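Step one of this worksheet: look at the structure below.
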Amino acid sequence: MRKSLLKVSAPALLFAASLSAAPLALAQDAGESNDTTDTRRLDQITVTTQRTAQNQQDVPIAITTLSAETLVRTGTDNLEDLTAITPGLAGKNEGVSTSIYSIRGINSNSIGVGGENSVGVFVDDVFIGRQALSGIGFLDPERIEVIKGPQGTLFGRNSTAGAISIVSKKPGNEFEGEVRGQFSDLNSTELFGGVSIPIVEDKFSVRVAGLFRDRDGTWTDVVRQERVGDSELNAGRIAVNWNITDKLTADAFYSVWREETGGFSWTTTDPMLAGIGGSSVDPFDREIAHDAFGFEIRDADVAGLTLTYDINESVTLKSITSYTKLDDTGFTDLDASILPLFTLSQGPDSDLARTVPEVLADASPQETFGQEFRLNGATDKFEWLVGASYFGEEINDPRVFQFNDVLFLGGTPIEADAFFPGSPAFALCDATSDALLGIACNPAATESDLIQGDYESYAVYGDFRYFLTDALTATVGLRYSNDEKEFTYQTFITPSVSGALGGGAVVFPDTGGLPVTLKDDWSDIQPRFVLDYRWNEDLLTYVSVSKGFKSGGFDVSFNEADIPFDEESVWAYEVGVKSDFAQGRAVLNAAAYFNDYEGFQVQPIINGITQTVNIPTLDNYGFEVELLARPTDNLDLNYGLAYNEREF
């Protein structure tokens, strides 16, 4: 099968007509500019993609970097918005906890306990393991780096498509603050405020930021004639910078994020069900007819502590400690119709979860802990980085599926002799059906599942750059990763004809209320080789070969044999060019790539539930072009083009 995608990104069209005295900055350090005598020169873009501060034009990797000012001017406040101004990045939001995004056509739709992302998301060097937390970095960003292509060596696990690194604003040595508001149609309101306060000059400073966002839904329930899918967000962040000594610095932050929404807004594509509710089968007309409103509530906490110690002028040791906690509760009309056929209540605080066995209702939140150590060094001819990391994750996902035997099965004809020789013909849910099956159709049957994951990941890595000549640089990197996973599920079912015909349960295998545990581990070595050549101060070309890795795992399946899935690996080949011209007023970057995947993980929908399976091979190739220009002091242009093709 072959799939192709051509994407044009031209965010300049969004704001080119709005000229102001302050030119749009794509990313920069405070006060840093290439040439103070020419305000039309593009600001220097500083990134930490290779785990050290560098000019983006010196990094032999395809990167799109966006500053806080760019994000504000383009109205970018989530990952879905980010795709509109980033060539090679695509995605969408489905409810609060489901951000589905891809880099160069590679994504992961797995949002369950056992699945992993293909795009690694990092907030201030803290790895965000679950898609439900991926939006938290948009609270107070300084810049966002979208790093394209597999990044196994530099970023590690779950970066087989690329990585998104969000760097938040740090406290400054001067008192400063900002307040902004945004009001638009659909009763959309957004208010943001942030302030940096120096407590002890050049020693201790604090930054506090808060965000409120309220939006009406964009879908219409045709039965009730009201909008659905509204959302409300309340979030806050506090960051501290402490220069403990001349050599030791501590940066800490704590973020809270509470978001409520109308949940998934989707419509049935079954003509009969749509006709009963008076909606169409067109999934793009934004009209639905549900028997019950969905909702989703997410409470998240993220904390990080970074200690930086300058051993000497050329060697630095960094420690990064992180903790995250997530409570995610929701209700979804899975059949997306006006009939009460099939619903899902998810999370320990959901109303339906409180009515099921105590072990389900008392499930604890999802929690992660991470620890990483990095050692950076440099000489005149050599730059190096070595590190080690640990990441632990405990996940609890209580789910209650409720379904209606009568509406699902009632009237279904059963031929004579179907059950045993001489058995009469009958229709399911009639008196004969009840007698022969020994069970009546249940209009409110439930299957309650508790899914738990206990995961640990270890890695050691190194990245070494050697300046062969003044123009030619060689980079060699290597990472060893080991993932250990323990996956437990148990089901509690009420009697139903659907369950009886399916062997007891409907979604997961019937465990009779007893836990079933599966264990496995995966390890891999991921190298990286790069040659880059600087022809002059305005032109860099590079060629790279690298490997990415994503461990196997466990996902929902009715058949126990299909619950485990295998690891995914990719060899990536890339050539690129980075150039500055027009006396620094324009930048043109381009890259072409070919990615060879083995065991590619995909998530087809089976019986209304996503399930992860492996495709033996997948070839993914394409190119990207990005042009940045500042033709006048007050006008910035950004044009992007991305082409991608996949064969599997």
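Observations
- Every residue from the stretch 525-569 that is within 21 Å of the chain's Cα centre (by Cα), surrounded by fewer than 22 Cβ atoms within 10 Å (Cβ to Cβ) and among the polar types (S, T, N, Q): S569
- Test: residue in the stretch 454-477 that is over 30 Å from G377 (Cβ atoms) and not hydroxyl-bearing (S, T, Y): yes
- Total residues in the stretch 592-604, condition open to solvent by 20 Å² or more (accessible area, probe 1.4 Å) and not acidic (D, E): 5
- First in the stretch 224-240 and assigned to a loop (DSSP other than H, G, I, E, B), second anywhere and of a type in the set (S, T, N, Q), Cβ under 7 Å, 6 or more apart: G229/T218; G229/T261; G229/S265; D230/T261
- Single residue of the stretch 509-519 satisfying the filter (touching a Ser or Thr at 6+ places or on another chain (Cβ under 9 Å) and not aliphatic (A, V, I, L, M)) that is nearest to S557 (Cα to Cα): P509
- Enumeration of residues in the stretch 407-435 that are free of Cβ contacts under 8 Å to residues at least 40 places away in the same chain, among the aliphatic types (A, V, I, L, M) and buried (at least 17 other Cβ atoms within 10 Å of the Cβ): I414
- I395 being in contact with a Gly (Cβ under 6 Å, 6 or more places away or on another chain), at negative phi, among the aliphatic types (A, V, I, L, M) and open to solvent by less than 40 Å² (accessible area, probe 1.4 Å): yes
- Among the residues of the stretch 345-354, at least one is open to solvent by 30 Å² or more (accessible area, probe 1.4 Å), within 30 Å of D327 (Cβ to Cβ) and either at pLDDT 90 or above or part of a strand (DSSP E or B) (or both).
- Cross-chain or 6+ apart pairs with Cβ under 7 Å, the stretch 251-265 first and on the phi > 0 side of the Ramachandran plot, then at pLDDT below 95 and part of a strand (DSSP E or B): G263/F295; G263/E296; G263/G330; G263/F331; G263/T332
- Subset of the stretch 270-298 that is more than 27 Å from the chain's Cα centre (by Cα) and β-branched (V, I, T) - its residue that is nearest to R237 (Cα to Cα): V281
- Residue match in the stretch 437-451 (condition: under 21 Å from E567 (Cα atoms) and either surrounded by 15 or more Cβ atoms within 10 Å (Cβ to Cβ) or modelled with pLDDT of 90 or more (or both)): yes
- Some residue of the stretch 243-253 being part of a strand (DSSP E or B) and among the basic types (K, R): no
- Taking (1) open to solvent by less than 70 Å² (accessible area, probe 1.4 Å); (2) among the β-branched types (V, I, T); (3) within 30 Å of Q50 (Cα to Cα); (4) at pLDDT 85 or above in turn, I136 satisfies each apart from (4).
- Pairs are defined by a Cβ separation below 9 Å, a sequence spacing of at least 6 or placement on different chains, a first member in the stretch 438-450 that is assigned to a strand (DSSP E or B), and a second member that is of a type in the set (D, E, K, R); the pairs so defined are A445/D405; E447/R399; E447/D510; S448/R399; D449/D397; D449/R399; L450/D397; L450/R399.
- Selection within the stretch 223-257: residues that are basic (K, R) and either surrounded by 14 or more Cβ atoms within 10 Å (Cβ to Cβ) or under 21 Å from the mean Cα position of the chain (by Cα) (or both). The member of this set that is nearest to E296 (Cα to Cα) is R227.
- Filter result (among the polar types (S, T, N, Q) and farther than 19 Å from L273 by Cα) within the stretch 330-347: S345, Q346
- Unique residue being over 19 Å from F122 (Cα atoms), acidic (D, E), surrounded by fewer than 22 Cβ atoms within 10 Å (Cβ to Cβ) and in contact with a strand residue (DSSP E or B) (Cβ under 9 Å, 6 or more places away or on another chain) when the list is E260, E313, E296: E260
- Check on I45, over 17 Å from the mean Cα position of the chain (by Cα), modelled with pLDDT under 80 and among the aliphatic types (A, V, I, L, M): yes
- Condition check for T189: more than 17 Å from K169 (Cβ to Cβ), assigned to a strand (DSSP E or B) and open to solvent by less than 60 Å² (accessible area, probe 1.4 Å): yes
- Among the residues here, T268 does not qualify as open to solvent by 30 Å² or more (accessible area, probe 1.4 Å) and either within 30 Å of D380 (Cα to Cα) or of a type outside the set (D, E, K, R) (or both).
- In the stretch 570-591, the qualifying residues are those that are at pLDDT 90 or above and open to solvent by 40 Å² or more (accessible area, probe 1.4 Å), and the one that is nearest to the chain's Cα centre (by Cα) is W571.
- Filtered residue count, the stretch 162-186, keeping only those that are in a strand (DSSP E or B), among the small types (G, A, S) and either over 22 Å from D81 (Cα atoms) or in contact with a helix residue (DSSP H, G or I) (Cβ under 6 Å, 6 or more places away or on another chain) (or both): 2
- Looking across the stretch 320-337, not a single residue is modelled with pLDDT of 85 or more, open to solvent by 20 Å² or more (accessible area, probe 1.4 Å) and either more than 22 Å from the chain's Cα centre (by Cα) or hydrophobic (A, V, I, L, M, F, W, C) (or both).
- Of G95, G31, all but one fail to be exposed (fewer than 15 other Cβ atoms within 10 Å of the Cβ), of a type in the set (G, A, S) and modelled with pLDDT under 60; the exception is G31.
- Residue within the stretch 392-403 that is among the polar types (S, T, N, Q) and under 30 Å from F529 (Cα atoms) present: no
- Looking across T473, T469, T491, one residue alone is hydroxyl-bearing (S, T, Y), open to solvent by less than 20 Å² (accessible area, probe 1.4 Å) and within 30 Å of Y533 (Cα to Cα). It is T473.
- Test for S159: is it under 29 Å from D619 (Cβ atoms), touching a helix residue (DSSP H, G or I) at 6+ places or on another chain (Cβ under 9 Å) and in a strand (DSSP E or B): no
- Matching residues in the stretch 182-239 - criterion: being closer than 25 Å to N78 by Cα and of a type in the set (D, E, K, R): D185, E190, R207, R213, D214, R215, D216, R227, D230, E232, R237
- Enumeration of residues in the stretch 609-639 that are of a type outside the set (V, I, T) and either in contact with a Gly (Cβ under 8 Å, 6 or more places away or on another chain) or surrounded by fewer than 15 Cβ atoms within 10 Å (Cβ to Cβ) (or both): N614, P616, D619, N620, G622, E624, E626, L627, P631, D633
The values are calculated or read from the model by the stated rules, or taken from the named source; none is laboratory data. What you see is a predicted model, and the numbers here were worked out from it, not measured in a lab. Please note: Cβ atoms are built from the backbone with ideal geometry, for glycine as well, and neighbour counts cover all protein chains shown. With ligands, DNA and RNA removed, areas are computed over all heavy atoms of the protein, side chains included. Shrake-Rupley method; radii C 1.70, N 1.55, O 1.52, S 1.80 Å.
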